[in-house]
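See below for the structure under consideration.
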Amino acid sequence: MSDVLHEVLSANSDYSSSFGDKATLAMPPKRRIAILTCMDARLDPVKFAGLEEGDAHVIRNAGGRASDDAIRSLIMSHKLLGTNEWFVIHHTDCGMLTFTTEIMGDLLSGSLKTASVDETGWHDSNAGGGTSDGNYINWLTISDNAKSVVEDVERIRSNAMVPLDIPIYGYIYDCKTGELVEIPAATAAGKAS
Ligand code: ZN
């Protein structure tokens, strides 16, 4: 067993041994909110938004982008489980700001090994065994953080399956301070009506 696997299972054993009344939690999020945010390891929505088990839906992907699959989850979050206020939260220093779809395709063509990054950009070991498949994917990279929050809120807002009375708030989480900074243009785009 790998060290990390052992650590995870050990931590889970501790967690489940004091699970208590969480066994009786209902499936619908108690606070009726859904948060779409980045998978970045520095962001913990449970902590930065003051959540507990059972409180909210948290949908995460690279960049916190409003991909088709993120929208699929949001629509089910409301339609089946009753959330009625949504947040789109991107963050400072996001990895998605550091490359383009074309660069990702090139890196995957070089090899499947983890790439490295320095002040001149991303580099692949070009060790071989790569694939051109990455050239056929839109990696939903970000060139301007605030703009991408607005775009994602607009994309969700304009989906015909999203009720107009759900407000969608747009924020950027500051990795240096832990603060959520509103993007007023995004929140305006996501205003309920
Ligand atoms: Zn990120």
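The values are calculated or read from the model by the stated rules, or taken from the named source; none is laboratory data. Just so it is clear, the structure is predicted and the values come from calculations on it, not from any experiment. When we count neighbours, we look across all protein chains shown, and the Cβ atoms used for this are built from the backbone with ideal geometry, even at glycine. To get the accessible areas, we keep the full protein, side chains included, count just its heavy atoms, and leave off ligands, DNA and RNA. Shrake-Rupley method; radii C 1.70, N 1.55, O 1.52, S 1.80 Å.
For the reader, a short list of remarks on this structure follows.
- Residue 10 vs. criteria away from the ligand (no atom under 16 Å from the Cβ), at pLDDT 95 or above and surrounded by 14 or more Cβ atoms within 10 Å (Cβ to Cβ): no
- Residues within the range 44-54 that are open to solvent by less than 100 Å² (accessible area, probe 1.4 Å) and either more than 16 Å from the ligand (Cβ to nearest atom) or part of a loop (DSSP other than H, G, I, E, B) (or both), tallied: 7
- If you go through the range 61-72 and keep only what is surrounded by 18 or more Cβ atoms within 10 Å (Cβ to Cβ) and more than 9 Å from the ligand (Cβ to nearest atom), you end up with 65, 66, 67, 70, 71.
- Of all residue pairs spaced 6 or more apart or on separate chains, those with beta-carbon atoms under 8 Å, a first member in the range 56-67 that is within 13 Å of residue 145 (Cα to Cα) and a second member that is open to solvent by 30 Å² or more (accessible area, probe 1.4 Å) and of a type in the set (Val, Ile, Thr) are 63/141.
- Residue match in the range 24-43 (condition: within 16 Å of the ligand (Cβ to nearest atom), outside any strand (DSSP E or B), at pLDDT 95 or above and more than 23 Å from residue 151 (Cα to Cα)): yes
- Checked against (1) charged (D, E, K, R); (2) closer than 30 Å to residue 124 by Cβ; (3) within 12 Å of the chain's Cα centre (by Cα), residue 68 passes all but a single condition, namely (3).
- Some residue of the range 83-99 being at pLDDT 95 or above, hydroxyl-bearing (Ser, Thr, Tyr) and within 16 Å of the ligand (Cβ to nearest atom): yes
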